[in-house]
Structure formats: structure tokens, C-alpha cells
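Chemist: Structure in C-alpha cells, see below.
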Amino acid sequence: MPAPPGSIYAQALTHRSYAFEQPEPSEHNERLEFLGDAILGALVTDLIYRTYPELSEGHLARLRASLVSTQALASLARRLGLGNHMLLGRGERASGGCDKSSLLADTFEALVGAAHIDRGSEHVAAVLVPLFTARMVEVAAEGGGHDSKTALQEVVVRLYGTRPLYRIASSGPDHAKRFTADVFVEDRSFGSGSGHSKKEAEQNAACQALGRMAEWPVEGASDARAS
């Protein structure tokens, strides 16, 4: 549903190219984008600082950059369908501006700024923390600098307040033993893996669990917890 004309959300969706084409130039989203960029940076910094207490400053900076990059924000904007609601000038629209990563990312930031003004910081955090926690799961599944067991434990502790539990089984003769690991969270199976050692099997199970979590919708963690 489009934002009501004249609202701060309509301003957040208005690109300068559209504003300057109006008979009387209207407000556009650049100031809100500036505000939203700062809010996102602070929120994501706090999130990764608390989630990954063992990471160095450099690693934290790289992780933050991957979470708030233009491509990352544009991906979130596409998932939310923002391109269909952006107000663009005729030239921008004709050149495919509704799907330009830079414009999508800018609009996402502007909406964060608008929501901060309209609803306050607590509301913004309540909406954005699950979004960016889900993206952290994806980064971890892609090998974001951690071993899979550590990455899974950090995400599960944050989302569920508990730790993953591994159950190990073995088969084969002693000289060629094969191990299978299943990882559970709150008695729910999240993944399984096998290997020539317990450690390898657990790592593979954790990797599968991270991959499954990354495929959930944003609300997937809370849905899974309720099941």
C-alpha cells in the first residue's frame, strides 16, 4: 500500500528526480537517508558487538560492512518490495531505477529514518534486529570468518537463549569408523552431518543447520521456536 501523500513515509519514498519534476518541487528523501544511514550503522554495530564478543575490531568492521553494504540493503529492499513504491522521475524510472541497487539502498535507509522519527528507536530496533540477525545467519553460512559450530552457537544463543545440542552415533570398524552428528535446538532437529571424526561430523551438522536457518523467512526463528 502506498504511503499517504504528504506523510514522512511518502517523503522517504520520494527520489529527488521525482520531487524536481513537480510543478512545485516537493521534499525528497536525502535528509531522511542521511539519518537512516547513521541509525543503521549504530544498530548493526551494537548487534554484532554483542553477538560476537570474541571478534577483533577489524573483523567486526568487515562484518558490519557486509551487513550494511549497498548490495545488502538493496537485497532487503527487494524482499520488502520497495521498488514498486519508490517515486522516481521519468528518466530514472525509464532507466530501470526501481531495481537499481543504489536507489533501493538509499530508500531503505530513508524509511529507517522516517520510522525513527515517527515511531522511535525502540520500534526501529524491534523491526530491524530480526532482519539483520537473519542476514548474520546467512553470512555465517557463507563462511563469515567462524567455524560453523561457533557461528551456529552464537546465533542460537541470541535467538533462543540456549545452546545447540549434538547427538553423535558411530558405525564401522575401528580403523575406518564413521561418525554421524545431529544438532538439536530446544528438541528440534536443525541439521545433520557425517565425517571421519566427531568434530568433522559436528561441523558438517552445524553448517547444514546454518544453511537451513538462512533459508527461513525473517520471522522463521520465532515460528520455529513456537513449533
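Chemist: For Ser148, are the conditions met, namely being at negative phi and modelled with pLDDT of 85 or more?
Modeler: Against the criterion (at negative phi and modelled with pLDDT of 85 or more), Ser148 does not qualify.
Chemist: So which pairs qualify, if the first residue must be in segment 119-139 and free of Cβ contacts under 8 Å to residues at least 40 places away in the same chain, the second must be small (Gly, Ala, Ser) and surrounded by 15 or more Cβ atoms within 10 Å (Cβ to Cβ), the Cβ gap must be under 8 Å, and the two must be at least 6 apart or on different chains?
Modeler: The qualifying pairs are His123/Ala115; Val127/Ala115.
Chemist: Hey, another quick one. For residues that are within 19 Å of Cys98 (Cα to Cα) and surrounded by fewer than 19 Cβ atoms within 10 Å (Cβ to Cβ), scanning just segment 60-80, find the one that is modelled with the highest pLDDT.
Modeler: Arg78
Chemist: When you look at Ser121, is it buried (at least 18 other Cβ atoms within 10 Å of the Cβ), touching a Leu at 6+ places or on another chain (Cβ under 9 Å) and hydroxyl-bearing (Ser, Thr, Tyr), yes or no?
Modeler: For Ser121, the condition - buried (at least 18 other Cβ atoms within 10 Å of the Cβ), touching a Leu at 6+ places or on another chain (Cβ under 9 Å) and hydroxyl-bearing (Ser, Thr, Tyr) - is not met.
Chemist: For a quick check of your reading of the model, give me the residue pairs whose first member lies in segment 49-65 and is under 14 Å from Arg135 (Cα atoms), whose second is aromatic (Phe, Trp, Tyr), with beta-carbon atoms closer than 9 Å and at least 6 apart or on different chains.
Modeler: Taking only residues 6 or more apart or on different chains, the pairs are Leu63/Tyr52.
Chemist: Right, something else. Against the condition closer than 23 Å to Val156 by Cα and in the same structural domain as Val137 (by TED's automatic domain parsing), how does Ala10 come out, does it pass?
Modeler: Here the answer is no, as Ala10 does not meet what is asked.
Chemist: Can you tell which of Ser95, Ser102, Ser7 is closer than 30 Å to Val139 by Cβ and either of a type in the set (Ser, Thr, Tyr) or modelled with pLDDT of 85 or more (or both)?
Modeler: Going through Ser95, Ser102, Ser7 in turn, just one is closer than 30 Å to Val139 by Cβ and either of a type in the set (Ser, Thr, Tyr) or modelled with pLDDT of 85 or more (or both): Ser102.
Chemist: Wholly within segment 1-106, which helices (runs of 4 or more DSSP H) include no fewer than the required count, namely at least 3 residues that are within 20 Å of Val127 (Cβ to Cβ)?
Modeler: 8-12, 30-51, 57-68, 70-79
Chemist: Could you list, in sequence order, all residues of segment 145-202 that are among the basic types (Lys, Arg) and either closer than 24 Å to Val129 by Cβ or part of a loop (DSSP other than H, G, I, E, B) (or both)?
Modeler: Of everything in segment 145-202, those that are among the basic types (Lys, Arg) and either closer than 24 Å to Val129 by Cβ or part of a loop (DSSP other than H, G, I, E, B) (or both) turn out to be Lys149, Arg158, Arg163, Lys177, Arg188.
Chemist: How about segment 81-116: which of its residues are within 23 Å of Leu35 (Cβ to Cβ), surrounded by fewer than 18 Cβ atoms within 10 Å (Cβ to Cβ) and among the hydroxyl-bearing types (Ser, Thr, Tyr)?
Modeler: If the condition is that a residue be within 23 Å of Leu35 (Cβ to Cβ), surrounded by fewer than 18 Cβ atoms within 10 Å (Cβ to Cβ) and among the hydroxyl-bearing types (Ser, Thr, Tyr), then Ser101, Ser102 are the ones that fit.
Chemist: Here's a follow-up. Of the residues Glu57, Glu27, Glu33, Glu21, only one is modelled with pLDDT of 95 or more and charged (D, E, K, R); which?
Modeler: Glu33
The values are calculated or read from the model by the stated rules, or taken from the named source; none is laboratory data. This one's a predicted model, so the numbers in the text were calculated from it and none came from an experiment. Backbone-built Cβ (ideal geometry, glycine too); neighbour counts: all protein chains shown.
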